[in-house]
1. Which residues, taken from the range 9-51, are open to solvent by 30 Å² or more (accessible area, probe 1.4 Å) and outside any strand (DSSP E or B)?
2. Counting only residues that are in contact (Cβ under 8 Å) with a residue 12 or more places away in the chain, open to solvent by less than 30 Å² (accessible area, probe 1.4 Å) and of a type outside the set (Asp, Glu), how many does the range 184-202 have?
3. Could you tell me whether Tyr160 is at pLDDT 95 or above, of a type in the set (Phe, Trp, Tyr) and either closer than 22 Å to Pro28 by Cα or buried (at least 19 other Cβ atoms within 10 Å of the Cβ) (or both)?
4. Within the range 167-188, can one find any residue that is of a type in the set (Lys, Arg) and at pLDDT 95 or above?
5. Give the number of residues within the range 100-136 that are under 14 Å from Asp38 (Cα atoms) and loosely packed, with under 14 Cβ neighbours inside 10 Å.
6. Could you list all residues from the range 203-227 that are in a loop (DSSP other than H, G, I, E, B) and either open to solvent by 60 Å² or more (accessible area, probe 1.4 Å) or at pLDDT 90 or above (or both)?
Amino acid sequence: MFDLERLPETIPVFPLTGALLLPKGHLPLNIFEPRYLDMVYYAREKNGLIGMIQPSISPFDVQEGDDQRGTAPRNRPLYSTGCVGMISELIERDDGGMSVLLTGLSRYDVIGEVLPRQQTFRQLRVRYDRFDEDCGLPLYSETFNRETLLDMAAAYLELYEVSPKWDVLEKTCDEELVNALAMVCPFDPAEKQALLEAVPLTDRVDLMQKLMGFALTSGQAGQMDKFVQ
């Protein structure tokens with residue numbers, strides 16, 4: 001696996017609401033805005049690493065623009081935890097954009113932003129020590145039931161008409177299964193952030209099952225305040 005000590009203290013970041021990358025997970029990205037094309041070129045020339053992070057959500061902030069289309073304000077506050085990924089696939093398209101696949105390596109905590117900004121994209125100073133198991137061998141756990149999790153996830157995803165590759169998921173180790181389900185399930189941004197920040201795998205499983213269970217019994221989603229203080 002990737003050596004934690006090889007991860008840099010400063011990384012370029014792609015702030016994107018609703019995007020969840022977890023260790024050993026795979027996140028496809030459609031890159032088309034010039035500043036993020038610059039980010040990919042920069043990462044490719046350096047070490048191939050890009051940090052995913054969500055803009056923070058506050059009921060007191062009125063944010064205009066659309067993250068998905070690159071029109072959101074450039075200096076939005078960010079959450080304090082993200083995940084760094086390695087560019088594992090990159091396709092330059094005829095329209096000038098890029099299709100990128102990131103493979104998650106480790107979560108990180110933000111120390112601060114690199115200012116004054118030296119590039120068109122944002123860079124953060126980060127630390128990884130709270131997530132020292134992320135770069136290790138795939139984790140297995142006897143503290144949760146895989147079949148129960150898979151059955152609940154299948155029912156939850158059916159509500160949203162999402163059909164993942166179950167044959168692939170069922171062959172993964174526990175950590176890859178949990179992280180893949182967390183990434184593919186249509187949780188809201190605050191819920192995804194809470195899953196990202198759940199350090200032990202068992203905590204992530206517990207939270208995910210609570211979120212799916214509530215949606216299955218009530219037909220509602222986005223009830224993060226019921227489970228996270």
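The values are calculated or read from the model by the stated rules, or taken from the named source; none is laboratory data. Note that the structure is predicted; figures quoted are calculated from it, not measured. Reconstructed Cβ throughout: ideal geometry from the backbone, glycine too, with neighbour counts over all protein chains shown. These accessible areas exclude ligands, DNA and RNA; they are computed on the full protein's heavy atoms, side chains included. Shrake-Rupley method; radii C 1.70, N 1.55, O 1.52, S 1.80 Å.
1. Hits for the range 9-51 are Glu9, Thr17, Phe32, Pro34, Asp38, Tyr41, Tyr42, Arg44, Glu45, Lys46, Asn47.
2. Total meeting the criteria: 8.
3. Working: at pLDDT 95 or above: no; of a type in the set (Phe, Trp, Tyr): yes; either closer than 22 Å to Pro28 by Cα or buried (at least 19 other Cβ atoms within 10 Å of the Cβ) (or both): yes.
Answer is no for this residue.
4. no
5. Counting residues in the range 100-136 that are under 14 Å from Asp38 (Cα atoms) and loosely packed, with under 14 Cβ neighbours inside 10 Å gives 3.
6. The answer is Gly219, Gln220, Phe227.
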